[in-house]
Amino acid sequence: MGDRGDGSGATRRGPDDAGPVGPVGPVDQTRSTGPGVAADDRAAVAALLSAAGLDPPADEIDRLADLHPGLRRSVERFHAVDAGDGSTAAIFRAGEVS
Amino acid sequence: MTDPAATSEGVAPSDSTAAATRPPVTIAEAAAAIRDGSMTSLDLTRACLAAADRLDETLGTWLARFDESALTRAARADEELAAGHDLGPLHGVPLGIKDILRTDEGPTTAQSLVLDPSWGDGGDAPVVARLRAAGAVIVGKTTTMEFAIGRPDTSKPFPVPRNPWDPERWTGGSSSGTGNGVASGQILGGLGTDTAGSVRLPAAFNGITGHKPTFGLVPKSGCVPLGLSYDHVGPMTRSATDAATMLDVMAGPDASDRTTVPRPPARFADVVERGGPSGRGLDGLRIGRLVNPELLDSCAPATTAAFDAAIGQLADGGADVVEVLVPHYRELSTGAFLALQAEAFAWHRQHLIDRWDDYGRPTRLTIAQGALISAGDLVQIERVRHVARARVLELLDDGGIDLLASPTTGWAATPFTGARPEAIAITALHTPAWNSTGFPAVSVPMGVDDDGLPLGLQLVGRPLADGLVLSAADGYQGRTDWHRQLPPLHR
């Protein structure tokens with residue numbers, strides 16, 4: 001890790017562990033902040049993670065299940081948009097040479 | 001180009017006499033000083049390294065420093081210039097490289113225990129090689145957040161980057177060390193990467209200039225990917241002029257990155273120098289001021305006031321400012337986050353399976369959410385991205401609008417403890433929409449909040465209108481001196 005490599009950041013006052021879900025701030029927003037997790041969300045998340053080969057500890061599955069309803073709401077907004085018939089996600093060109 | 005007219009808001013243009021008598025803080029000043037004999041590259045590099053010695057413990061700027069090779073390169077630059085071999089304005093200028101880009105000198109860590117040290121064995125990333133060929137002095141590798149997506153993490157053996165305006169506050173991320181390094185004078189410029197705002201956010205929080213180029217203008221091969229179709233490599237500097245100078249060296253296609261596109265024929269620095277494509281600076285530009293409710297509602301009162309003043313400066317400079325509602329703004333913003341999670345998951349999946357605990361908790365949980373997004377979801381997000389991008393271009397064309405303007409973020413740098421919830425909400429970020437469209441976007445300092453912390457103004461242009469974006473930013477900086485204000489912790 002070069003000249004530094006002393007982990008000195010760990011000795012200073014660091015980010016706290018509270019705060020709402022969102023990617024902007026310095027806090028660890030993946031810590032659980034709310035009450036219980038809906039069983040349906042937890043089961044769905046656990047199944048998707050397992051299918052992907054992931055085996056996180058239970059508390060982290062809980063946290064992902066916490067986040068899941070918000071994630072789904074965000075995704076569903078996209079399905080509500082009429083993207084027409086001609087808009088593809090990616091353009092593949094067989095003649096591309098590089 | 002600078003406008004000599006002083007204007008309102010108590011902000012005076014820079015004092016050229018003062019600039020000539022103090023150590024250079026911009027690349028342009030350094031280039032002039034090195035050539036007029038008032039300073040050598042070796043002097044400047046030593047001063048930057050001394051500042052790094054003094055400030056790094058507090059600010060957490062560096063993951064690796066290359067003092068010996070930097071001093072050797074600086075001495076060689078002085079010899080080359082003395083012999084009349086001038087490689088241009090970056091020749092002999094100390095720069096920093098975000099540690100997700102490969103460099104010849106040392107390993108790339110992405111600030112993670114997970115990345116295989118051999119990942120960086122391929123030598124300089126093309127964009128680093130271009131800077132080196134232009135004579136830049138590579139000082140070292142700067143801090144980031146783990147894989148450019150994590151959070152400041154005291155559980156891992158890496159520095160926590162801190163803000164030179166207040167070390168109890170964040171620098172923003174993920175180009176954190178380049179941001180606080182430029183702001184504190186440890187380097188005169190550097191490279192950041194921007195997938196949802198990671199150049200512009202630390203630029204705003206640190207009171208410097210950060211430019212996200214048009215997607216594909218700068219090759220991103222040799223960069224640890226986050227969201228491959230949203231990643232951009234951009235310059236971080238004190239001024240828009242300096243950003244144009246760096247971009248001139250960085251831009252252009254490379255066979256190693258198939259997303260790269262041909263650059264415009266004119267040099268960006270020349271476009272800035274002559275006052276934009278029209279040669280009239282801000283005069284005659286039509287600028288759309290974003291009035292999307294979710295954006296307005298997310299701004300602190302001090303941000304709104306500073307943005308109003310910035311708009312006033314643009315108008316006083318001759319711009320015609322109109323209010324615009326950007327179509328699909330929310331989808332463009334949230335789509336960047338969702339898609340980058342899916343793209344990041346594709347890249348990280350095997351490492352997550354094998355080395356879950358070696359990732360920081362915020363990093364692994366953020367990326368793992370990509371496993372919760374289906375293939376159909378991602379296809380629809382990308383389809384909407386294309387539709388929304390086309391709608392924004394129609395807005396610009398139909399309204400004759402040259403540029404869009406908004407605050408870069410709703411709030412200034414947030415404290416490590418006790419941050420207001422609204423200041424760290426996703427809606428406080430006004431950067432990711434332009435990763436979705438791929439349009440060029442710059443953040444420049446536009447004032448300070450009630451605590452004296454910098455705030456950013458974002459200007460956005462059409463694809464490949466980087467020269468216009470940077471010339472408008474320069475026009476604004478010619479009317480204000482927010483970009484020249486130095487933090488308490490500075491060289």
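The values are calculated or read from the model by the stated rules, or taken from the named source; none is laboratory data. Since the model is a prediction, treat every value here as computed from it, not as a measurement. All Cβ positions, glycine included, derive from the backbone under ideal geometry; neighbour counts span all protein chains shown.
The listed residues are B:Asp297, B:Asp231, B:Asp270, B:Asp194, and the only one of them that is more than 24 Å from B:Leu332 (Cα to Cα) and of a type outside the set (A, V, I, L, M) turns out to be B:Asp270. Scan region B:122-162 for residues that are at the interface with chain A (Cβ under 10 Å from one of its Cβ atoms) and more than 21 Å from B:His91 (Cβ to Cβ) and the total you get is 17.
Selection of region B:183-196 for residues being β-branched (Val, Ile, Thr) and either surrounded by fewer than 24 Cβ atoms within 10 Å (Cβ to Cβ) or away from every other protein chain (no Cβ under 13 Å) (or both) yields B:Ile187, B:Thr193.
Residue-level check: of (1) over 21 Å from B:Arg355 (Cβ atoms); (2) free of Cβ contacts under 8 Å to residues at least 12 places away in the same chain; (3) more than 7 Å from chain B (Cβ to nearest Cβ), A:Ala44 misses just (2). Does region B:168-182 contain at least one residue that is surrounded by fewer than 24 Cβ atoms within 10 Å (Cβ to Cβ), within 13 Å of chain A (Cβ to nearest Cβ) and either in contact (Cβ under 8 Å) with a residue 60 or more places away in the chain or more than 24 Å from B:Val127 (Cα to Cα) (or both)? Yes, the conditions are met somewhere in region B:168-182. Scanning region B:461-480 turns up no residue that is closer than 18 Å to B:Ser333 by Cβ and in a helix (DSSP H, G or I).
Among the residues of this structure, A:Leu54 counts as one that is in a loop (DSSP other than H, G, I, E, B) and modelled with pLDDT of 95 or more. Figure legend. Inter-residue proximity from region B:58-83: first residues within 19 Å of B:Gly185 (Cα to Cα), second residues charged (D, E, K, R) and in a helix (DSSP H, G or I), beta-carbon distance below 7 Å, spacing 6+ or different chains. Indicated pairs: B:Trp62/B:Asp56.
Hey, does region B:416-425 have a residue that's among the small types (Gly, Ala, Ser), free of Cβ contacts under 8 Å to residues at least 60 places away in the same chain, in a loop (DSSP other than H, G, I, E, B) and within 14 Å of chain A (Cβ to nearest Cβ)? Within region B:416-425, one or more residues are among the small types (Gly, Ala, Ser), free of Cβ contacts under 8 Å to residues at least 60 places away in the same chain, in a loop (DSSP other than H, G, I, E, B) and within 14 Å of chain A (Cβ to nearest Cβ).
Of all residues in region B:358-395, those that are under 28 Å from B:Val114 (Cα atoms) and of a type outside the set (Gly, Ala, Ser) total 13. Filter region B:426-446 down to the residues that are within 24 Å of B:Pro487 (Cβ to Cβ) and within 8 Å of chain A (Cβ to nearest Cβ), then identify the one that is surrounded by the most Cβ atoms within 10 Å (Cβ to Cβ). Across region B:426-446, the extreme among qualifying residues is B:Leu429. Residues in region B:353-365 that are at the interface with chain A (Cβ under 7 Å from one of its Cβ atoms) and more than 29 Å from the chain's Cα centre (by Cα): B:Ile353, B:Trp356.
When B:Pro454 is tested against (1) within 29 Å of B:Gly318 (Cβ to Cβ); (2) surrounded by fewer than 22 Cβ atoms within 10 Å (Cβ to Cβ); (3) of a type outside the set (A, V, I, L, M, F, W, C), only condition (2) is not met. Return yes or no: is B:Pro487 part of a strand (DSSP E or B) and under 17 Å from B:Asn163 (Cα atoms)? For B:Pro487, the condition - part of a strand (DSSP E or B) and under 17 Å from B:Asn163 (Cα atoms) - is not met. The set of residues in region B:378-410 being surrounded by 23 or more Cβ atoms within 10 Å (Cβ to Cβ) and within 25 Å of the chain's Cα centre (by Cα) consists of B:Arg385, B:Ala388, B:Val392, B:Asp402, B:Leu403, B:Leu404, B:Ser406, B:Pro407, B:Thr408, B:Thr409, B:Gly410. Taking the listed residues B:Leu81, B:Leu101, the one that is under 21 Å from B:Ala47 (Cα atoms) and modelled with pLDDT of 95 or more is B:Leu81, with no other qualifying. Looking only at residues in region B:356-367 that are touching a residue at least 24 places away in the same chain (Cβ under 8 Å) and in contact with a Leu (Cβ under 8 Å, 6 or more places away or on another chain), which one is farthest from B:Gln111 (Cα to Cα)? My answer is B:Ile367. Of the residues in region A:57-94, how many are at the interface with another protein chain (Cβ under 7 Å from one of its Cβ atoms) and acidic (Asp, Glu)? So the answer is 1.
Each row is one residue, and each column tells you yes or no for (1) at pLDDT 95 or above; (2) over 24 Å from B:Pro445 (Cβ atoms); (3) surrounded by fewer than 19 Cβ atoms within 10 Å (Cβ to Cβ); (4) within 21 Å of the chain's Cα centre (by Cα).
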site: B:Met246; (1), (2), (3), (4): yes, no, no, yes
site: B:Gly252; (1), (2), (3), (4): yes, yes, yes, yes
site: B:Glu273; (1), (2), (3), (4): yes, no, yes, yes
site: B:Gly288; (1), (2), (3), (4): yes, no, no, no
site: B:Pro301; (1), (2), (3), (4): yes, no, yes, no
site: B:Asp308; (1), (2), (3), (4): yes, no, yes, no
site: B:Gly312; (1), (2), (3), (4): yes, no, yes, no
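The number of residues in region B:162-216 being among the acidic types (Asp, Glu) and either closer than 11 Å to B:Met236 by Cβ or outside any loop (DSSP other than H, G, I, E, B) (or both) comes to 2. Are any residues in region B:366-377 in contact with a helix residue (DSSP H, G or I) (Cβ under 6 Å, 6 or more places away or on another chain), part of a helix (DSSP H, G or I) and either surrounded by fewer than 23 Cβ atoms within 10 Å (Cβ to Cβ) or within 7 Å of another protein chain (Cβ to nearest Cβ) (or both), and if so, which ones? Those that are in contact with a helix residue (DSSP H, G or I) (Cβ under 6 Å, 6 or more places away or on another chain), part of a helix (DSSP H, G or I) and either surrounded by fewer than 23 Cβ atoms within 10 Å (Cβ to Cβ) or within 7 Å of another protein chain (Cβ to nearest Cβ) (or both): B:Gln369, B:Ala371, B:Leu372, B:Asp377. Taking the conditions exactly as written (in contact (Cβ under 8 Å) with a residue 40 or more places away in the chain and either over 26 Å from B:Val160 (Cα atoms) or within 14 Å of another protein chain (Cβ to nearest Cβ) (or both)), does B:Asp99 satisfy them or not? Yes. On inspection, B:Thr260 fails the criterion of being more than 30 Å from B:Pro117 (Cβ to Cβ) and of a type in the set (Val, Ile, Thr). Taking the criterion of being out of contact with any Gly (no Cβ under 9 Å at 6 or more places or on another chain) and either facing chain A (nearest Cβ under 8 Å) or more than 22 Å from B:Asp231 (Cα to Cα) (or both), the residues of region B:392-410 that qualify are B:Glu394, B:Asp397, B:Asp398, B:Gly400, B:Gly410.
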